[in-house]
1. Can you tell me which residues in segment 211-228 are part of a helix (DSSP H, G or I) and either without any contact (Cβ under 8 Å) to a residue 24 or more places away in the chain or surrounded by fewer than 24 Cβ atoms within 10 Å (Cβ to Cβ) (or both)?
2. Would you point out which residue out of Asp69, Asp105 is charged (D, E, K, R), modelled with pLDDT of 95 or more and under 23 Å from Lys170 (Cβ atoms)?
3. Can you list residue pairs whose Cβ atoms sit under 8 Å apart, with the first residue in segment 67-93 being assigned to a loop (DSSP other than H, G, I, E, B) and the second being modelled with pLDDT under 95 and of a type in the set (Val, Ile, Thr)? Count only pairs 6 or more apart in sequence or on different chains.
4. So for segment 129-147 (the condition being farther than 24 Å from Ala25 by Cβ and among the polar types (S, T, N, Q)), does at least one residue qualify?
5. Collect the residues in segment 34-55 that are buried (at least 21 other Cβ atoms within 10 Å of the Cβ), of a type outside the set (Ser, Thr, Tyr) and touching a helix residue (DSSP H, G or I) at 6+ places or on another chain (Cβ under 7 Å), keeping them in residue-number order.
6. Among the residues of segment 1-32, which ones are outside any helix (DSSP H, G or I), within 14 Å of the chain's Cα centre (by Cα) and without any contact (Cβ under 8 Å) to a residue 60 or more places away in the chain?
7. Sort through Glu142, Glu118, Glu158 and tell me the only one that's closer than 18 Å to Leu228 by Cβ and among the acidic types (Asp, Glu).
8. Can you tell me which of Leu184, Leu188 is at negative phi, touching a residue at least 24 places away in the same chain (Cβ under 8 Å) and either surrounded by fewer than 16 Cβ atoms within 10 Å (Cβ to Cβ) or not hydroxyl-bearing (Ser, Thr, Tyr) (or both)?
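The values are calculated or read from the model by the stated rules, or taken from the named source; none is laboratory data. For clarity, every value in this text was computed on a predicted model and none was experimentally measured. As a convention, Cβ positions derive from the backbone with ideal geometry for all residues, glycine included, and neighbour counts pool all protein chains shown.
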Amino acid sequence: MLGRVLIIAGSDSGGGAGIQADIKAVTCLGGYAATAVTALTAQNTHGVSGIHEVPPAFVRAQMEAVLSDIGADCVKTGMLASAAIVEAVAEGLAALAPDVPLVLDPVMVAKGGAALLEGSAAGALISLLVPRARLLTPNIPEAEVLLGRAITGVADMERAALDLLALGPKAVLLKGGHLEGDELVDVLADGGGVRRYAGRRIHTRSTHGTGCTLASSIAAGLARGMDLSDAVECARAYLVKAIETAPGLGSGHGPLNHGHPLAARLPGCG
């Protein structure tokens, strides 16, 4: 099944994150990627030097153009930039794709520290899109903003994931990469309880776009008819290989190897 994924996110001129990473991940995992661009960024492996937002009405126009013709089996959102864009996306989904599952990656800050979501937009995200999500995929700093409290340790992550679940999404994947230590734990919470995914941290500077890549990889799995747990397993395996085989480009936080040879034949992903 060629799952169709509509990606609503910002463009990364360096190609490591954002729309560019999303398209690569979805394509390499056997899906079809369409896009609605929310913002243009000037960035490289050292950070973001400029942001140009797309007018909300034109974000909505892109969504309408795709959904009225090509359609979508899953929608993935990334950088939404402003409350006005969040509102436009929410209205567009309600009108054009009310039953299509949404993977919501609440992108707030770039790897280099630049803000990718206006402070005033967090409330709009929580009220308009979080309850609509099939899966919410925050990292720890994003979850701290959404919950208004600090998160320390894996046990605290589990409590936080359940509290995020209470905001309305059907499932939450809280990513633990910002915690210290050689063991990296992600936590998945849904109606069936809480599950931990543990692995060894890969010590590398090539981590630009990991969040975008993971969320889009899960969206690709859901679009192809996988259940959530299988889609998460596949996406995490794909991400690990993409980090391990990263090309080492740039002198800052480098991009991943989205097109690694194992992408098409990872266990459970074919």
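1. Gly211, Leu228
2. After ruling out the rest, the residue left standing is Asp105.
3. Hits for this filter: Gly78/Val107; Met79/Val107; Leu80/Val107.
4. no
5. Ala34, Ala36
6. Once the filter is applied, which keeps residues that are outside any helix (DSSP H, G or I), within 14 Å of the chain's Cα centre (by Cα) and without any contact (Cβ under 8 Å) to a residue 60 or more places away in the chain, segment 1-32 yields only Ser11.
7. Step by step, each of Glu142, Glu118, Glu158 is checked, and only Glu158 is closer than 18 Å to Leu228 by Cβ and among the acidic types (Asp, Glu).
8. Leu188
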